[in-house]
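The values are calculated or read from the model by the stated rules, or taken from the named source; none is laboratory data. Please read all numbers here as calculations on a predicted model, not as lab measurements. Quick reminder, even Gly has a Cβ in these numbers, built from the backbone with ideal geometry, and neighbours come from all protein chains shown. These area figures cover heavy atoms from the full protein model, side chains too; ligands, DNA and RNA do not enter into them. Shrake-Rupley method; radii C 1.70, N 1.55, O 1.52, S 1.80 Å.
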Amino acid sequence: MIRTLSTASFKAVCTSQPKLLKDIRSRQLHSTYDVAIVGAGIVGLATARELILRHPTLSFILLEKEKELSAHQSGHNSGVIHSGIYYTPGSLKARLCVRGATLAYEYCEKKGLPYKKCGKLIVAVEQEEIPRLKALYERGLKNNVRDLSIVDAKGIREREPYCRGIMALDSPYTGIVDWRMVALRYGKDFEEAGGTVVTEYEVNDISMANESPAGSTEGMKYPIAIKDKKGNEVHCRYVLTCGGLYSDRLSQISGCSREPRIVPFRGDYLVLKPEKHYLVKGNIYPVPDPRFPFLGVHFTPRMDGSVWLGPNAVLAFKREGYKVYDFNARDFIDALSFRGLQKLVLRNITYGMGEMYRGVFIGAQVKLLQRFIPELSLSDVMRGPAGVRAQALDRDGNLVDDFVFDGGVGDVGSRVLHVRNAPSPAATSSLAIAEMISDEVESRFSL
């Protein structure tokens, strides 16, 4: 279990007497650090781990607004280890996913974390889907996805006895894992390497310090002040933010543009009843339809033995709103007033209404799932968990499908790096993303 400090205890330690400092696991805690990382989701944790392993002589602090680490996207996802089939050959997403999957499996083996290579079938159920499926196969080969093959209807039944289709892409290298468990292990690595983790620290200001921290004899060696809503303050030389659902607002704090804007989309899952788990062995996915912005419903086995079905994709009325009726006025107005979202909705009005309808009437979602497993019935499922995706949008309503880094303005901008967007599959790619972000940090800052 990762030992973390609440802001109250952190503040107490920072202002306490030297004797108390020695009592806390014999490590001196203070308010000045070489590098501060804001955001303890899987990308922030992986990057904090990578940076401290590269620079063990520097001091690092990881600031998280929640009581626990990896509380949002990293802990509310399908748990799939993707193999890199979908992405444009040669693109950064493709390279990071393929390398990330390899690193993820190696990491789980090294740390003794459980995972399963249960495979994935991307199933064509109509003739018109076959050209897209074959194009996907060619794309996967160009991306160097391991062990990829095309199977016919008989091959589908051999792998998934209850699945029906006319052709499928078989990806045995695809697996499942508990990504939150992985993320927490990243955090443990970070702490064991000497990093400090502080929870309940909701950053609301990143600015140049006007004076040295109290008790400091090093002048303005730590010129950046990071303040939270409770008045706590940490000083550092450099700042990296990995804010996920709040990445745009964190960037705005240091003078960056509000775009790309984060728009939250909630995905509601159904859960297969335990007595029907035999219907699904591995991941079963549809052939992506390029007319629509999201992937479509699929079957996903979980490490705990459950099977998730879905999700849909609807606008969330709160950035961390996992329930249908969760609402935050600022988040709601922020999303609806953004021209980028308005344009996206107008282009996909029919699709969006369908997603909302299927979210309310689960029979409609089951009907889509029956295209793959006809034996599935409404009585076999129940409502399950939900996740919220931090979707970056530009002002033209385009999904931002690449990584976006930003700094800021003035003196702050030379010492702050914001990860504005780390697109899906960020969990699978997390260790590879951490390498890339660390390279970016080293190229911008004199660590």
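Taking 0.36 nm per residue of sequence separation and removing the Cα-Cα distance, the TYR322/SER446 pair yields an extension gain of 40.6 nm. Close amide H pairs (under 5 Å, H built 1.01 Å from N) link HIS418 with THR241, ASP406, GLY407, residues at least 5 positions away or on another chain. Sequence-distant contacts, meaning Cα pairs under 8 Å at least 6 residues apart, place the relative contact order of the stretch 218-287 at 16 percent. Using the Karplus relation 6.51 cos²θ - 1.76 cosθ + 1.60 with θ = phi - 60°, the per-residue 3J(HN,Hα) values for the stretch 66-73 come to 8, 6, 10, 7, 6, 8, 10, 3 Hz, with x marking Gly and Pro. Protein heavy-atom surface of the stretch 306-399, 1.4 angstrom probe: 62% of the accessible area is carbon and sulfur, with nucleic acids and ligands not counted. Fully extending the segment from ALA364 to LYS154 would add 72.8 nm, taking 0.36 nm per residue of separation and subtracting the current Cα-Cα distance. Computed from the C-beta positions of GLU375 and ILE130, the FRET efficiency with R₀ = 30 Å rounds to 0.80.
Whole-Hz Karplus values for the stretch 148-162 come out as 7, 8, 9, 10, 8, 4, 5, x, 4, 5, 5, 8, 9, x, 9 Hz, taken residue by residue from phi with 6.51 cos²θ - 1.76 cosθ + 1.60 and θ = phi - 60°; glycine and proline positions read x. Taking the stretch 316-421, which trypsin sites (Lys or Arg not before Pro) meet the DSSP loop condition and have no more than 16 other C-beta atoms within 10 Å? Taking the stretch 316-421 and a limit of 16 other Cβ atoms within 10 Å, the loop trypsin sites (Lys or Arg not before Pro) found are LYS323, ARG371, ARG395. Note on the stretch 82-200: Lys pairs 8 or more places apart or on different chains, Cα atoms under 27 Å apart, count 26.
Amide H contacts of LEU62 (H built 1.01 Å from N, in plane; Pro and chain starts excluded): ILE37, THR196, VAL197, VAL198 sit under 5 Å, all sequence-distant by 5 or more or on other chains.
Temperature 37 °C, viscosity 0.692 mPa s: under these conditions the Stokes-Einstein estimate for the stretch 93-226, based on its Kirkwood radius over C-alpha pairs, is 170 µm² per second.
Scalar couplings 3J(HN,Hα) for the stretch 325-333, obtained by applying the Karplus form with A = 6.51, B = -1.76, C = 1.60 to θ = phi - 60°, are 9, 5, 8, 9, 4, 5, 4, 5, 5 Hz; x denotes Gly and Pro. In the assembled protein chains, VAL287 presents an accessible area of approximately 10 Å² (probe radius 1.4 Å).
With R₀ fixed at 25 Å, the C-beta to C-beta distance from ILE333 to ARG291 puts the FRET efficiency at about 0.25. Loop-located GluC sites (Glu not before Pro) across the stretch 78-163 with a Cβ neighbour count of 10 or fewer within 10 Å are GLU126, with loop assigned by DSSP. Prolate is the label for the stretch 215-266. Its Cα gyration tensor axes, ordered a ≥ b ≥ c, give a/c of at least 1.5 and a/b above b/c.
Given q = 0.19 Å⁻¹, what are the Debye log10 I(q)/I(0) values for the stretch 230-386, with equal point scatterers placed on the Cα positions and solvent ignored? Evaluating at q = 0.19 Å⁻¹ gives log10 I(q)/I(0) of -1.20.
For ALA209, the residues whose amide H sits under 5 Å from its own are ILE224, ALA225, ignoring neighbours fewer than 5 places away on the same chain, with H placed 1.01 Å from N.
Take every Cα pair under 8 Å whose residues are at least 6 apart in sequence, average their separation, divide by the length of the chain, and the relative contact order is 22 percent. Figure legend: label point modelled 7 angstrom from the Cα of ASP411 along Cα→Cβ; residues of the stretch 192-210 with amide N under 13 Å from it are 207-210.
Computed over every Cα-Cα pair of the stretch 297-375 and binned at 5 Å starting from 0, the pair-distance distribution P(r) comes out as 3, 13, 17, 19, 20, 12, 9, 5, 1 percent.
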